[in-house]
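Colleague: Let me begin by handing over the structure; questions about it come next.
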Amino acid sequence: MLGKVADWRIPLGPYTPAQIAVAVGGGFLLVKSIHWWLWMGPVPIVAWVLVIWVVRRPKIAGRVPVQAAVGWVLLGWQPRGGRIGGRAARDRGPRPLLGAFTIEGALAPDLAVTAPGARRSALRAPLPQPAAGRSFARHRTRPAAPAVLARPVSGVQQLVALAQQTGGVR
């Protein structure tokens, strides 16, 4: 509150900062635009005084309008992506995703399922080697376990394995 000193106060006061801002700004606007509203008589001046009285304790949805306006200005000033650690958050540039893998073992020929007419020698094709100039040994932390023959797990896989061992279905 402004306008109160000890026991003395401004007439019809004390005033809030919002009331003082509306009084000064509205008074300046009325003086500069007197030729536009002069034909209305005292109506603009009465409206100006009424607005000064209305903003004495304004609350819009529980917030003071000046603080709400400052909040909207600060919201518009923020970067679009927000902030992380006080800095503007930005998307990182695209980078290629590189990776490699090595196939160390293959299925046993007696458990592998072949299409009709396919040759069994196709199952024994050589395994692909890593690209020349690349060393994958540094990525391995321990030696690989010895290859274990895969056993059929589901009932269908067991029937296929049995059919291959007996030479087909009769």
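Colleague: Only residues that are open to solvent by less than 80 Å² (accessible area, probe 1.4 Å) and either more than 14 Å from Val24 (Cα to Cα) or within 33 Å of the chain's Cα centre (by Cα) (or both): list them for segment 55-66, please.
Modeller: Pro58, Gly62, Val64, Pro65
Colleague: Among the residues of segment 58-65, is there at least one that is modelled with pLDDT under 85 and among the small types (Gly, Ala, Ser)?
Modeller: Yes, that holds for at least one residue.
Colleague: Can you tell me which residues in segment 23-78 are of a type in the set (A, V, I, L, M, F, W, C) and in contact (Cβ under 8 Å) with a residue 40 or more places away in the chain?
Modeller: Within segment 23-78, Val64, Val66 qualify.
The values are calculated or read from the model by the stated rules, or taken from the named source; none is laboratory data. Keep in mind that this is a model prediction, so the values were computed, not measured. Ideal geometry is used to build each Cβ from the backbone, glycine not excepted, and the neighbour counts take in all protein chains shown. Side chains are part of the model used for accessible areas, which takes the heavy atoms of the whole protein and leaves out ligands, DNA and RNA. Shrake-Rupley method; radii C 1.70, N 1.55, O 1.52, S 1.80 Å.
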